[in-house]
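A.B. asks: I have a structure here, written as structure tokens, and I will follow up with some questions on it.
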Amino acid sequence: MEQTPPGRFLLYAVFRATPAWYGLPKDDRTRAIAEYLARVDDFRQRLTIRTYSTLGLKRDADFLLWLIAPTLDPIQSLTEGLRKTPMAPYLENTASFLAVTRESLYLKGHTEEVKVEVEPGQGKYLFVYPFVKSREWYLLPIETRQRLMNEHIRVGHQFPGIRINTSYSFGLDDQDFVVAFEGDEPRDFVTLVMRLRETEGSTYTVRDTPIFTCVRKPLEDILWSLG
């Protein structure tokens, strides 16, 4: 029997404030934000929480919560707690990507450490999207896939300022993977993606949208920026 691989669960949850939020009196918004922040703080010892603003960068997104935990339980418990706060009726969860980390098949033999843990870096920007490969990709011999991935990895090495976090969604969500790139310069990321489009392996990509460009900010600043 194949052993269960180690790894941690990740949830990328995207939210948008409803029009009704902007019409609330300031005192009501103040109380709602305070309780939302308190509920998040209650869970910071149980899971990793990173917060990002997407305000003005995508039509149906105001902010993103990146949650990382050893099991699904604290992720679901935090979500349940946030649903019970006064702010919950004024937030729409417009996108959500669930995945788990595990050892890559393709990094062995490369200089990178083969990791099954994700520790978010300090990059100002986060670029997140779901990723689906064609069934034909998985039917290729492993040697062919490794050759194509080696080209992919070589391109990535040309952009040392961009860090990638890859996680697996097979059987958990609608995509095969969730990829999250971190960096301080969005223009570098644009160039990286352009170069990756030119690789042979990209012909086996079925879907890599929606893409969310996120700016790392404290949650309190994010919530007050909503009006």
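The values are calculated or read from the model by the stated rules, or taken from the named source; none is laboratory data. These figures come from a predicted structure and were not determined experimentally. So basically every Cβ, Gly included, is an ideal-geometry build from the backbone, and we count neighbours across all protein chains shown.
A.B. asks: Report yes if T191 is of a type in the set (V, I, T), over 19 Å from the mean Cα position of the chain (by Cα) and closer than 26 Å to L64 by Cβ, otherwise no.
C.D. replies: Yes, satisfied.
A.B. asks: Just one of (1) modelled with pLDDT of 95 or more; (2) crowded, with 16+ Cβ neighbours inside 10 Å trips up N165, so point out which.
C.D. replies: Every condition holds for N165 apart from (1).
A.B. asks: When the residues of the stretch 197-227 are narrowed to those that are under 27 Å from Y36 (Cα atoms) and of a type in the set (G, A, S), which ends up modelled with the lowest pLDDT?
C.D. replies: Filtering first and then ranking leaves G227.
A.B. asks: Being outside the structural domain of P130 (by TED's automatic domain parsing), among the hydroxyl-bearing types (S, T, Y) and either under 22 Å from F170 (Cα atoms) or buried (at least 20 other Cβ atoms within 10 Å of the Cβ) (or both): is that true of T94 here?
C.D. replies: So T94 fits the description; yes.
A.B. asks: Scan T54, T48, T85, T79 and give me the residue that is among the β-branched types (V, I, T), free of Cβ contacts under 8 Å to residues at least 60 places away in the same chain and surrounded by 12 or more Cβ atoms within 10 Å (Cβ to Cβ).
C.D. replies: Every option except T85 fails the conditions.
A.B. asks: In the stretch 200-223, how many are assigned to a loop (DSSP other than H, G, I, E, B) and surrounded by 15 or more Cβ atoms within 10 Å (Cβ to Cβ)?
C.D. replies: Final tally of qualifying residues: 3.
A.B. asks: Which helices (runs of 4 or more DSSP H) does the stretch 15-84 wholly contain that include 1 or more residues that are closer than 26 Å to V100 by Cβ and of a type in the set (D, E, K, R)?
C.D. replies: The qualifying helices (runs of 4 or more DSSP H) are 26-42, 72-83.
A.B. asks: Here is a list of conditions, (1) touching a His at 6+ places or on another chain (Cβ under 8 Å); (2) of a type outside the set (V, I, T); (3) buried (at least 18 other Cβ atoms within 10 Å of the Cβ), and L226 meets all of them except one; can you say which number that is?
C.D. replies: With respect to (1) touching a His at 6+ places or on another chain (Cβ under 8 Å); (2) of a type outside the set (V, I, T); (3) buried (at least 18 other Cβ atoms within 10 Å of the Cβ), L226 is out only on (1).
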